[in-house]
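The next block holds one structure in the form of structure tokens; read it before the comments.
The values are calculated or read from the model by the stated rules, or taken from the named source; none is laboratory data. Bear in mind that the values here come from a model prediction, so they are computed numbers and not experimental data. Don't worry about glycine lacking a Cβ; one is built from the backbone with ideal geometry, like all the others, and counts go over all protein chains shown.
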């Protein structure tokens, strides 16, 4: 057998370093020659110090390892054909994030399921983020966030200054076909896992999210220093600086995308939604555009943000700041006295915001309990408020009539102190002003979708399809078991869901039912083909109103701008662009949502860690084989583990009810319950309760 064949035989077993191959095969010079020849012929590849085979006689399905348990894994095919179960002994040491080839078993253990083995690791993930742990034998391990049941042994030479409990990044520098034989080296430390701020930084790192921008982007942004609107823009745009336009946002908002105006007409109202003209500043194929495309969205977490655009744009020349002339892209809509859309037009404008409105202040104005200082602040625009409220009420009535859903997601608001610690959690309240702005933005976004579809433009639509039959059946089972007397048809309409949500709102079952409905829904995403928006009960929908923080909105601005300029053959110019932008934006949005949720969990656990031993009144919000989930009035949710509920084996009924055969006690969704906080892990974001 040639030395080349021997090398390949070794690499079939597992990735090897040059040193390992020489130790096994001897003859250093011939091993070196064989490796160079195999690399040149692209039969093997090198990652770090390891060589691995990328071409095998047994060809498999290209996949990525999505989840790794203690004795199994799930692989996600790159063609989206459905996850494959892989037994632990058939993994070849593959880790989450590795790209692999999988050959399906002809006889899976469960008939009809997809089960297989890894036959090749084609691309290996190098870095893992997790928490350092010291075992009883004194050896140090990294517990990876995405593979907590697969501790990775830290080389003695690679411990650095890591201590048990630190959040860290480790390089997987030594691989084997057995996970227990993998070896890692610490390459970055974030500090103690008891600090939510440290955990947040490690989560951001794991998702490749960072505040700073590449040098090339910063060099482009420098040109905006001292920016003034060019004279030709005053000539070519509709000048609305004389209009009473103003913004409404949270008090802390610095990246202001949108402003509003309203005028009464003989037939109803003219609503103006004026959006920052980001596309004027961010040009196609620029470094700034490439980086915005890569980021896809801004990520808001705790009291901070990872922006899609540098602050010189997001907080500066693009932001519709009070008292500043700004370039805008306006949607001017004519609505009748019932809120029906009669017509609209998109136009490039120059605006001058009169006031930086704040939700809480405007809610006080509308409720009639505002202090004199607030009355004076809004003096120039207060005459518009009654008309805005009237229009909003008309729009809300129409939305309810068509079945637009109002799902209470249990969103929380964190209070962070100067030291980066969470010192308060409360339910995020929405007042009349928040609802009003949402109504107006929905109208502008709907007009954008109508414009794109009616003129057959290449476009980025916000798509939300109807839930599938399997999800509907699971929801029906849950509702029946929970005792909810509501009958859903075989193919429920948005109006049916809307009535179900309204029926359970304000009851003990609100969180459970609203969450179940949310889980029954398909995931909203961006697509170049209009397919409607189920939960909003709209024929078509798009995102136009937030180009500072969402790339799809920027993409739509770019396309609509080209249309206004009379550009021909938009399909040739933007056809491939909208496909790429839709896919990238959907993926980035998912990462952002998961990141924001994970970080919020860390801060919430940090808040509850200071309340260990305290008792609370809560409501049972979920039931699983793991135990009961209990939600407190401030939205904090924790788990009463199944072993704490009974000395016998508790019986879980449809995920709705848990019965204790030993004591006869029973717990079900919506029940009030008193609990004690017994544990709160900041690094995992998990909170444990116990029965009082």
(request) Please enumerate the residues belonging to the range 488-522 that are in a loop (DSSP other than H, G, I, E, B) and touching a residue at least 12 places away in the same chain (Cβ under 8 Å). (result) 488, 490, 491, 492, 493, 505, 507, 508, 509, 521, 522
(request) Just one of (1) without any contact (Cβ under 8 Å) to a residue 24 or more places away in the chain; (2) surrounded by fewer than 18 Cβ atoms within 10 Å (Cβ to Cβ) trips up residue 67, so point out which. (result) (1)
(request) Within the range 166-215, count every residue that is under 17 Å from the mean Cα position of the chain (by Cα) and either in a helix (DSSP H, G or I) or within 14 Å of residue 141 (Cβ to Cβ) (or both). (result) 7
(message) Quick check on the range 446-475: of everything there that is touching a helix residue (DSSP H, G or I) at 6+ places or on another chain (Cβ under 8 Å) and assigned to a helix (DSSP H, G or I), which residue is farthest from residue 387 (Cα to Cα)?
(response) 474
(message) Against the condition crowded, with 16+ Cβ neighbours inside 10 Å, at pLDDT below 95 and not assigned by TED's automatic domain parsing to the domain that holds residue 420, how does residue 637 come out, does it pass?
(response) no
(request) Could you identify the single residue in 292, 302 that is touching a strand residue (DSSP E or B) at 6+ places or on another chain (Cβ under 8 Å) and surrounded by 17 or more Cβ atoms within 10 Å (Cβ to Cβ)? (result) 302
(request) Given the conditions (1) modelled with pLDDT under 95; (2) farther than 27 Å from residue 199 by Cβ, report the number of the one that residue 621 does not fulfil. (result) (2)
(request) Select from the range 132-146 the residues that are touching a residue at least 40 places away in the same chain (Cβ under 8 Å) and crowded, with 19+ Cβ neighbours inside 10 Å and list them in ascending order. (result) 132, 142, 144, 145
(request) Report those strands (runs of 3 or more DSSP E) wholly inside the range 338-445 carrying at least 1 residues which are loosely packed, with under 15 Cβ neighbours inside 10 Å. (result) 341-352, 412-416, 422-427
(request) Among residues belonging to the range 500-523 that are within 16 Å of residue 400 (Cα to Cα) and surrounded by fewer than 15 Cβ atoms within 10 Å (Cβ to Cβ), point out the one that is modelled with the highest pLDDT. (result) 502
(request) Please go through the range 640-685 and pick out each residue that is in a loop (DSSP other than H, G, I, E, B) and either in the same structural domain as residue 473 (by TED's automatic domain parsing) or buried (at least 18 other Cβ atoms within 10 Å of the Cβ) (or both). (result) 645, 650, 655, 656, 669, 670, 682, 683, 685
(message) Going by what's in this entry, would residue 585 be described as over 19 Å from residue 681 (Cβ atoms), touching a strand residue (DSSP E or B) at 6+ places or on another chain (Cβ under 7 Å), touching a residue at least 12 places away in the same chain (Cβ under 8 Å) and not assigned by TED's automatic domain parsing to the domain that holds residue 300?
(response) no
(request) Go through (1) surrounded by fewer than 16 Cβ atoms within 10 Å (Cβ to Cβ); (2) modelled with pLDDT of 95 or more; (3) within 28 Å of residue 118 (Cα to Cα) and name the single condition residue 239 misses. (result) (3)
